[in-house]
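Worksheet: one structure, shown below.
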Amino acid sequence: MATLDGLPPLRDVIQRYGLDARKALGQNFLFDLNLTQKIARSAGPLDDATVFEVGPGPGGLTRAILSLGAKKVIAIERDSRCLPALAEIGDYYPGRLEVIEGDALKTDFAALAPEGPVKIIANLPYNVGTQLLLNWLLPENGQWPPFWESLTLMFQREVGLRIVADEDDDHYGRLGVLAGWRTEARMVFDVPPQAFSPPPKVTSTVVHLTPRQNPLPCDVGKLERVTQAAFGQRRKMLRQSLKPLGGESLLVKAGIDPSRRAETLSVEEFVRLANCL
Ligand code: SAM
């Protein structure tokens, strides 16, 4: 059967290389190249870009990124069973696909990033998706703006809602504050369970994030401490939840009513609190 890009259908690839999906690795594969191209297109033009992809698996999204003209894809995959299938894609796009066998959580992306625009596109394994996002939002080396110019990532819809949430939204929490502080984040489109093999239990969503060039100045560690304390007891008034950090006097210093609750504070107010710590 002909495919959009001339490579064999993904179902055949899976069968040929015996890539039965493993739950422990968060494997839910996408087979529809129209859909993987739609995901890749939501990252904007790719012509000049190097793309980091986490978890290429059998390569459905990798193929889409390459067919849309990315200069190079650097893909990090933990499951060695996928490497022969990815090598086939590499042969089809000579010199444009580099596969690194390893754990993305332990990968120093900034050190691997070449000169020029870098985008990150991934259908993330759900068990490590949030931690990877935090690693990209709060890099250990403190570099901001970061090495990447956008993140286009698939999450469970519930997590996507938390990433893009603003104050007074039920999904607003630590993730929304940290993402909102450093990036502009939006949900692009939902993907139903049936689009994956095997289908996950919940709907997924593609989230697109671009870094703010000048986020409000703030110490990351302090912002993490206030958000952790405030949302750790999100139903309580801030004078109570922030007690270990100074409670009422900290709030008064920041000009914030101590009877308010965490979910009513804007990102700017959280930054003010962190800066008063
Ligand atoms: N990109 C493929 C697709 O869209 O069909 C596969 C996506 S699947 C949701 C997640 C992939 O991430 C799997 O191939 C899995 O082996 C890989 N993976 C899981 N944990 C990983 C980790 N810590 N580092 C790198 N890859 C990982």
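The values are calculated or read from the model by the stated rules, or taken from the named source; none is laboratory data. In this text the structure is predicted, and so the values were computed from the model without any measurement. Here Cβ is always computed from backbone atoms with ideal geometry, including for glycine, and neighbour counts include all displayed protein chains. Just the protein is used for accessible areas: all its heavy atoms, side chains included, with ligands, DNA and RNA removed. Shrake-Rupley method; radii C 1.70, N 1.55, O 1.52, S 1.80 Å.
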Answer from Gly69, Gly26, Gly55, Gly6 - the residue that is near the ligand (Cβ under 8 Å from one of its atoms) and out of contact with any Lys or Arg (no Cβ under 8 Å at 6 or more places or on another chain):
Gly26
Can you say whether Gln194 is in a loop (DSSP other than H, G, I, E, B) and open to solvent by 60 Å² or more (accessible area, probe 1.4 Å), as far as the supplied structure shows?
no
Matching option when the condition is farther than 26 Å from Arg16 by Cα, within 12 Å of the ligand (Cβ to nearest atom) and in contact (Cβ under 8 Å) with a residue 12 or more places away in the chain, among Leu137, Leu86, Leu112, Leu132:
Leu132
Determine if the stretch 119-126 includes at least one residue that is among the hydrophobic types (A, V, I, L, M, F, W, C) and open to solvent by 30 Å² or more (accessible area, probe 1.4 Å).
no
Since Val226 meets every condition but one in (1) in a helix (DSSP H, G or I); (2) open to solvent by 20 Å² or more (accessible area, probe 1.4 Å); (3) of a type outside the set (Asp, Glu); (4) not assigned by TED's automatic domain parsing to the domain that holds Pro139, which condition does it not meet?
(2)
Restricting the stretch 14-59 to residues that are among the hydroxyl-bearing types (Ser, Thr, Tyr) and assigned to a loop (DSSP other than H, G, I, E, B), which is modelled with the lowest pLDDT?
Tyr17
Residue in the stretch 93-100 that is open to solvent by less than 30 Å² (accessible area, probe 1.4 Å) and in contact (Cβ under 8 Å) with a residue 40 or more places away in the chain present
no
For the stretch 32-51, name all the residues that are crowded, with 19+ Cβ neighbours inside 10 Å, away from the ligand (no atom under 11 Å from the Cβ) and not β-branched (Val, Ile, Thr).
Gln37, Ala43, Leu46, Ala49
I'd like to check something: does the stretch 188-196 contain any residue that is at pLDDT 95 or above and within 20 Å of Leu138 (Cβ to Cβ)?
no
Criterion (open to solvent by 40 Å² or more (accessible area, probe 1.4 Å) and not aliphatic (A, V, I, L, M)) met by exactly one of Trp181, Trp144:
Trp144
